[in-house]
1. With a sphere of radius 13 Å drawn around the Cβ of residue 151, what net charge do the other residues whose Cβ falls strictly inside it have (Lys, Arg +1; Asp, Glu -1)?
2. Sorted by mean Cβ packing within 10 Å, highest first, what order do the peptides 96-108, 303-315 take?
3. Considering the values (i) 1.00; (ii) 0.96; (iii) 2.08, which represents Cα Rg over 2.2 N^0.38 Å as calculated for the structure under consideration?
4. Taking the Cα centre of the chain as origin and charging only Cβ (+1 Lys, Arg; -1 Asp, Glu), how large is the dipole, in debye to the nearest 20?
5. Once every DSSP H run of n ≥ 4 in the chain is given -39500 (n - 2.57) and the sum is divided by its residues, what mean residue ellipticity at 222 nm do you get, rounded to the nearest 500 deg cm²/dmol?
6. Taking the Cα centre of each part, how many Å lie between region 152-169 and region 120-148?
7. Under the classification rounded if a/c is under 1.5, otherwise prolate if a/b is larger than b/c and oblate if not, where does region 31-159 fall, given a ≥ b ≥ c as square roots of the Cα gyration tensor eigenvalues?
8. Round to a whole angstrom and tell me the spacing of the C-alpha centers of region 311-390 and region 246-295.
Amino acid sequence: MKIFLPVIILISAILYTGCETRPDLDSEIQVVSLDSEEIEKIRQEKFDLKLSAEYHDSFFIEQVPAVDIDSKGQVYVAGERHQIRSVYVYSPEGELLDTLGRYGDGPGEFESIFNIQIVDNSLYVFDDQLRRVTQFDLSDQTIKDVVEFDESIVRELEDSVEFFPTPIENWDEGRYLIEYKDDQNPALHSDRIQFYSLGDENGNISDKDLFELKSENYLVGDHAGRPTAFLLPYPERSLITSIENRKFYTAWSEQFEIQERDTSGSAVKILTYPYQRSPLDSEKLVSEQYSHNRQLQLTRESAEYPSEWPAIYTILQDDSGQIWVALIPEDESSYEWWILDPSKTENVVHAIFSWPRKSLFAKISNGSVYAVEPDDDGFRKIVRYTIDSD
């Protein structure tokens, strides 16, 4: 099994410019290094998104964990606010059609929505607090199945560590991708990892790991003599896309190194680019965000900060198999989005464009981009943009 950390160490020694490919002799992982001249040329090309619809109502949604689209173009929005956990169904034009689920721990209820996914005529809702999947039949909005995953495992690392399962996505028919994470205090345990396995429709989980990734990197400050962990606005963390065409992608956000994985979980290709990371001004960050609270400010000031922001904020895979990568430039108002075609070894980069950070892409499907944006009152709505192919 190919796992994340050894691959990162491996490729750090073989970065090079030019759009060539070469397999590593030991792991047989194909490495594609993106061409710098090609990228600078593509940066000058025009790429347009045109606003085509909005999806919101008077629900005062504070968080939108996930969005999906059915075969009719109807939009499903997972929305959360205080004691509200529901999936809102909209027509393609933006009319509210239905609401599924509510807050709670009973049938058809959710404590926290991690993801939603439409497969055929079913909606799957993944609850990371209840550690379960609820399947709705979209023909009549009834519950078809509820699968719970509650069996933790203990691994011997430096100490005995208990890991807890969360279903995060459909893997294939009757199986789900399970993420195992521990609840150790990150202020005391910095090198935490998370495992991925498969669970079935009966709630059983395979004892075979598909792959593992590093857990997010917390900073540690001193809070009245005690170590306290906290996350930066853009932390170093592992990223994982949805599965499309039997492929998915992972990355450690610190560097532009994106791994293509097959359904065995093994890395088969790596896309790399020496992206110039943006400087991180820790003094400015602390003074702007925590000057109102002296104790928080002291805690933040006592931590050791990296000198640069991570390269990547998020990655998405669209329904055609292209990957969309949000990079963190010096311009604090925008992300730099790259659209990549990983099936190619030349002309991999399809487009590069800047887009406001307040508008974060959540789903790309059928030539449209669905973004989570704030409304006039600071709550969340979904805005659909059509990709202009002219």
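Just so it is clear, none of the values below were taken in a lab; they were calculated from the coordinates. Predicted model only: the values in this text are computed from it and were never measured. Positions of Cβ are backbone-derived with ideal geometry, glycine not excepted, and every protein chain shown enters the neighbour counts.
1. On the way: positive: 131, 132; negative: 148, 150, 162, 200, 207.
Result for the local shell: -3.
2. Details: 96-108: 13.9, 303-315: 18.5.
Top of the packing list down: 303-315, 96-108.
3. Working out Cα Rg over 2.2 N^0.38 Å from the coordinates points to (i).
4. Working: 36 positive and 75 negative charges, 80 e Å.
The dipole magnitude comes to about 380 debye.
5. Details: 4 runs with 33 residues, N = 390.
Using -39500 (n - 2.57) per qualifying helix, the result is -2500 deg cm²/dmol.
6. Here the two parts' Cα centres lie 25 Å apart.
7. Values: a/c = 2.17, a/b = 1.22, b/c = 1.77.
Verdict is oblate for region 31-159.
8. 16 Å
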